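The values are calculated or read from the model by the stated rules, or taken from the named source; none is laboratory data. Since the structure is predicted, the reported quantities are computational estimates derived from the model, not experimental observations. Note: ideal-geometry Cβ built from the backbone for every residue, glycine included; neighbour counts use all protein chains shown. Accessible surface areas use protein heavy atoms only, side chains included; no ligands, DNA or RNA. Shrake-Rupley method; radii C 1.70, N 1.55, O 1.52, S 1.80 Å.
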Amino acid sequence: MVARGARVASDGYPSTRRRRIAEQAFRALTLLALLAVVAPVIWVITGIVARAVPHWRWSVLTTNTVGASGGLENAILGSLAIMLGVLIIAGTLGVLGGVYLSELAGFNRKGKQRGAVLRSATEVLAGVPSIALGLVGYLALVVQFHWGFSVLAAVIVLSVIVIPYITRGTEVALRQVPTNYREGAEALGMSTGYSLRKVVVRSAIPGIATSVLIALAISVGETAPMLYTAGWFTGIPKASLFHQPIGYLTYPVWTFWDYPSNQAHYLAFDAALILLVLVLVLLVIARLVVARSQRFAENRRN
Amino acid sequence: MSAFVPLVALVLTVLVLAFKAWPAIRVNGAHFLVGSSWKPGNVYGAVSTTGGVAHPLGSSYGAWPAIAGTLESSALAIIIAVPISIGAAFALTERLPRWLAEILRSAIEVLAGVPSVLLGLWGALTLGPLLANDVYPIVANHMPNVPFFSFFRGPTGHGEGLLTSGIVLALMIIPIVASTTRNLFAQVPALPKEGGEALGMTDWEVGRKITIPWVRAGIIGATVLGLGRAFGETIAVAMISGSLLNTITPNIYGTMGTVAATLVTQLDSAFADGTGFEVRTLAELAVVLVVVVLIVNTVARIIVRRTGHLAAPVGGVI
Amino acid sequence: MIRPTRPARIVVALSAVFAVGLGSSLVAATAASAKAKPKKVSTAIEKPGAATVTETGSTLLYPLWNIWVPAYTQKYPSVSITTNGTGSGTGIADATNGTIDIGSSDAYLPPATVQATPTLENIPLAISVQVIAYNLPGVTAHLNLSGKVLSSIYQGKITRWNDPAIAAANPNVTLPATPIVALHRSDGSGDTFIFTQYLSDSDKNGWGKSVGYGTSVQWPTTPGGLGENGNGGMVTGCKATVGCIAYVGISYLSQLLGDGLFYAALQNGKGQYELPSSAAVAAEAKFFLKKTPADGTISLIDGPVKGGYPIINYEYAIVNTQQSSASTAKAMRSLLEWAVNPKFGNSSQYLSQVSFQPLPKKLLTNSLKQIHKIS
């Protein structure tokens with residue numbers, strides 16, 4: 001690469017003026033790219049806030065949906081319940097999967113990593129469109145297993161969608177644990193399992209927590225796979241895994257935004273605002289976790 | 001054990017879809033991919049049987065318009081997203097003061113985290129109408145009536161359609177491409193770049209001649225990964241494309257449909273087909289989508305791997 | 001119990017279809033309803049025990065369910081009911097495969113579904129109406145439109161609002177030369193089903209032969225023609241497009257008028273132009289009442305009746321008469337008995353909120369008989 005740079009130089013540069021213009025254009029383009037990313041984000045956020053705030057009523061948080069009006073308590077509690085389910089199922093399976101791939105998969109006799117197939121499957125699953133997973137959830141869980149629209153069907157489909165993120169995030173976080181931590185643990189005579197639990201996983205926790213938070217943000221924002229697994233419910237979620245549909249926040253947005261009444265529109269915008277706040281809060285927490293762990297790591301290094 | 005969950009889920013997904021779709025695959029044949037009319041037949045009329053599979057008389061399925069719409073909208077998204085993403089990656093790694101880079105990084109993270117139904121809502125209520133009222137007509141009226149450019153002429157609709165979908169899809173894949181590219185840029189060794197600078201190269205020359213060539217394969221890989229995401233996006237496109245059947249838009253503004261949007265908008269009426277054939281056909285459409293996305297993703301990962309760099313996770317957030 | 005009724009039900013269903021398709025009388029259907037024994041049917045509402053009832057389906061019925069359910073559960077708090085507006089197809093499918101207890105649908109069951117699951121029945125709950133809306137600034141009258149004209153518009157044969165065919169039916173209106181933009185539903189829907197039935201019936205040799213009817217059809221290409229998602233999409237799209245024409249369920253009427261759209265008077269089977277008034281809907285319903293078979297499977301389209309509005313339909317509850325749980329079955333019966341009762345669910349107090357019309361009294365007996373079969 002260095003040789004390449006040198007060759008360009010020896011080939012003779014274009015005129016200084018042209019180079020200066022090219023450089024200015026480059027600066028302008030990077031700034032433009034910056035604008036093209038930042039402006040839509042601000043626009044989307046302010047757009048949703050501007051539609052929701054003028055009609056905002058706090059009672060939205062404490063009353064249930066009635067038809068296409070009323071409040072969103074059922075949807076908020078439903079979304080939180082679903083997130084809890086995803087946290088339990090996808091959190092457990094995803095983190096364990098990541099630990100396995102990073103620490104335990106090891107190498108086979110040919111010296112190839114054993115986890116390669118599993119890792120590829122994880123990455124490939126992350127690319128499968130969520131609508132396809134939702135369709136499978138409907139055909140298999142809701143209809144074939146006779147679960148009906150149910151919390152469990154929704155949680156399982158969402159878990160399948162986000163497990164790859166958690167597994168991958170866990171693996172990356174574990175990889176970044178310095179080798180001398182592991183060596184130190186070994187030197188102290190810790191067993192592999194003990195050192196994994198007490199030293200390695202513990203120092204990877206910020207990275208793992210971040211990936212779980214992101215996964216929760218993804219799961220709360222899914223729509224297509226929820227329509228045919230969770231159904232929709234206008235009451236407070238019930239403690240029943242089967243045959244009991246449940247409300248969630250993306251439903252009012254998708255269903256009521258072009259519904260024939262202003263109340264329905266307000267409900268859609270309110271749900272959009274709550275959804276936005278929820279996602280932003282999750283992202284901010286993830287940011288704080290990262291920032292805190294970085295500061296911690298820097299302190300330790302000093 | 002839990003590391004096997006994704007593999008098992010993947011296999012089960014493909015099996016369930018393939019099992020459901022198999023009779024439809026047999027009946028619809030190759031025509032399914034190239035035919036351009038999606039006819040459910042008369043579900044209240046007689047039932048006919050082809051090769052032992054019952055379906056409503058007159059049903060005949062061709063998914064080409066949906067496939068073409070998917071290709072068009074995804075291609076547009078890539079054309080818009082890739083230059084912006086590379087520019088943003090430059091901005092993040094080399095060009096900007098730290099506080100500005102921090103804002104950009106946050107914006108990319110938020111963009112990756114915003115639920116697609118919200119982007120759809122914004123596209124349908126804010127972006128689409130604005131473009132249709134104030135931007136599209138100006139563009140359409142000033143385009144010369146020659147091949148290629150004539151695709152930008154003609155009726156501009158009311159904001160739902162191919163170009164609006166392409167723009168919103170682009171916003172969805174920018175985080176993927178930008179964060180992967182940023183990671184790749186960060187892995188370019190400082191030595192050659194500093195060497196270039198020492199030789200008096202400007203930042204643009206260093207970028208064009210050293211940084212980008214160094215990670216070109218990785219950028220292509222990230223782009224293909226973004227393409228996979230655009231293919232599969234459902235809800236936002238269903239809200240802003242017009243979600244039409246049987247229509248290939250005559251110009252860039254027109255309403256159209258995609259494979260994923262067809263799945264979510266047609267599933268309900270498919271259930272009205274008592275023979276179950278239309279649901280099987282939608283499962284076939286899902287099979288097509290999954291197979292294409294799997295191929296695209298595999299290609300992307302092979303390209304990214306070959307460069308020796310790990311791709312950022314899909315979604316690009318972490 | 002089920003076996004003997006199965007062939008009869010299919011014959012009825014098929015004959016109803018053919019009769020509508022050919023636009024003439026429904027002999028077999030009438031015969032079937034005449035066979036029903038004249039027995040007094042109880043209109044009492046059973047008192048249910050603790051039970052859960054789930055409902056999903058038609059987005060037109062969904063608002064009504066949401067008005068009904070709080071009123072019903074206030075009286076019978078032991079029943080817990082959940083409702084969902086997913087679309088008629090899902091209502092039919094989920095009632096068939098047992099995912100939910102009550103499906104609701106704008107269209108009756110297709111024969112193939114009945115054949116596969118003979119214990120299913122479609123119970124008329126109320127009457128809905130379809131309006132034809134248009135966006136023509138300056139034209140504040142209700143335009144007169146016929147099925148033939150609509151058929152030509154949706155085939156791209158009539159492309160401007162001042163076409164002689166439209167002008168002839170509207171002598172007192174100054175029509176602009178605005179191009180017509182024909183909107184159709186891109187998702188499958190009961191609205192498309194009844195609208196295309198009207199076109200098929202009034203233009204038998206044209207639309208009837210070339211396109212036909214169904215919950216989604218292959219729309220001919222028309223200049224600027226657009227597909228819209230859902231009734232809401234139809235109204236939003238029409239509002240945004242000058243010169244548009246759209247078919248919309250009547251529960252969207254207030255939205256439509258609020259957006260400055262107007263709706264048309266349609267030509268009925270007697271050649272008169274009628275607005276979708278309560279009287280016109282009742283006249284049409286009365287005509288089809290005699291022809292409605294015991295299982296309620298019939299389209300109420302384009303009847304040759306004086307003063308009738310030609311596109312109306314029954315809104316159905318789709319239920320499986322064989323329920324696994326006796327308490328659920330009882331709660332379902334109770335809820336449906338309450339819903340069709342003119343003193344409760346079918347009173348204008350509830351129906352007028354969504355511009356629906358109540359079931360005619362005679363049909364009530366029919367629906368109750370169907371409801372009593374659930375066990």
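Couple of notes before you dig in:
- Whole-number percent relative contact order across the range B:2-61, with pairs defined as alpha carbons under 8 Å at least 6 apart: 30
- The mean count of C-beta atoms from other chains within 10 Å of the C-beta of residues in C:87-100, rounded to a whole number, is 6.
- Global form of the range C:243-328, assessed from the alpha-carbon gyration tensor, a/c cut-off 1.5: oblate
- Helical mean residue ellipticity (222 nm; -39500 (n - 2.57) per DSSP H run of 4+; nearest 500) of chain C: -11500 deg cm²/dmol
- Whichever aspartates and glutamates have a C-alpha closer than 17 Å to that of residue C:343, once near sequence neighbours (fewer than 8 apart) are set aside: C:46
- Cα-based helix-to-principal-axis angle, C:5-22 vs chain C, degrees rounded to 10: 10
- Cα-based Lys pair tally, the range C:182-312, threshold under 26 Å, eight or more apart or on separate chains: 14
- Per residue, chain B reaches -20000 deg cm²/dmol at 222 nm when only DSSP H runs of four or more residues are counted, each adding -39500 (n - 2.57).
- Distant-in-sequence amide contacts of residue C:52, defined by a placed amide H-H separation under 5 Å and a gap of 5 or more residues or a different chain, comprise C:80.
- Of the DSSP H helices in chain A, those whose Cα atoms cover at least 20 Å axially and whose Kyte score averages 1.6 or more: A:73-99, A:151-175, A:201-221
- Within the same chain, aspartates and glutamates fewer than 8 places from residue C:148 are excluded, and of the rest, those with a Cα less than 16 Å from its Cα are C:163, C:201, C:203, C:274, C:302.
- Net dipole in debye of the range B:64-317 [+1 Lys, Arg Cβ; -1 Asp, Glu Cβ; about Cα centre; nearest 20]: 720
- Sequence-ordered 3J(HN,Hα) estimates for the range B:264-280 from the Karplus curve with 6.51, -1.76 and 1.60 and θ = phi - 60° stand at 7, 8, 9, 4, 4, 5, 4, 5, 6, 7, x, 7, x, 5, 5, 5, 4 Hz, glycine and proline given as x.
- Mean-position separation - Cα centroids, the range A:228-302 and the range B:170-225, in angstrom: 35
- The charge dipole of the protein assembly as shown, taken about its Cα centre with unit charges on the Cβ of Lys, Arg, Asp and Glu (plus for the first two, minus for the last two), comes to roughly 1480 debye.
- Residues with amide H under 5 Å from that of residue C:158, placed H, sequence gap 5 or more: C:153
- Helix axis angle, C:361-372 relative to chain C longest principal axis, alpha carbon, degrees: 50
- Rounded to whole numbers, the Karplus 3J(HN,Hα) couplings from phi for the range B:152-160 are 9, 9, x, x, 9, x, 10, x, 8 Hz, using 6.51 cos²θ - 1.76 cosθ + 1.60 with θ = phi - 60°, and x at Gly and Pro.
- The Cβ shell under 14 Å around residue A:218 holds other residues with a net charge of -1, Lys and Arg each +1, Asp and Glu each -1.
- Between C and B, roughly 2200 Å² of accessible area is buried in total, ligands, DNA and RNA not counted and the probe set to 1.4 Å.
- Neighbours of residue A:57, meaning other residues whose beta-carbon lies under 13 angstrom from its beta-carbon, give a summed charge of -2 when Lys and Arg score +1 and Asp and Glu score -1.
- Mean Cβ neighbour count within 10 Å, used as a protection proxy, ranking A:144-155, C:165-176, B:253-264 highest first: B:253-264, A:144-155, C:165-176
- Against the main long axis of the alpha-carbon atoms of chain C, helix C:278-289 sits at an angle near 60°.
- Charged neighbours of residue C:185, selected by a Cβ distance under 9 Å, balance to -3 (K, R count +1; D, E count -1).
- In the protein assembly as shown, a dipole from Cβ-located charges (positive for Lys and Arg, negative for Asp and Glu) runs towards its positive end, and of A:79, B:271, C:358 it is A:79 whose Cα lies farthest in that direction.
- Dipole-positive endmost among A:92, A:185, A:147 within the range A:92-247 (Cβ charges, Cα centre): A:185
- Counts of other chain beta carbons within 10 angstrom of each beta carbon in peptide C:74-84 average 3.
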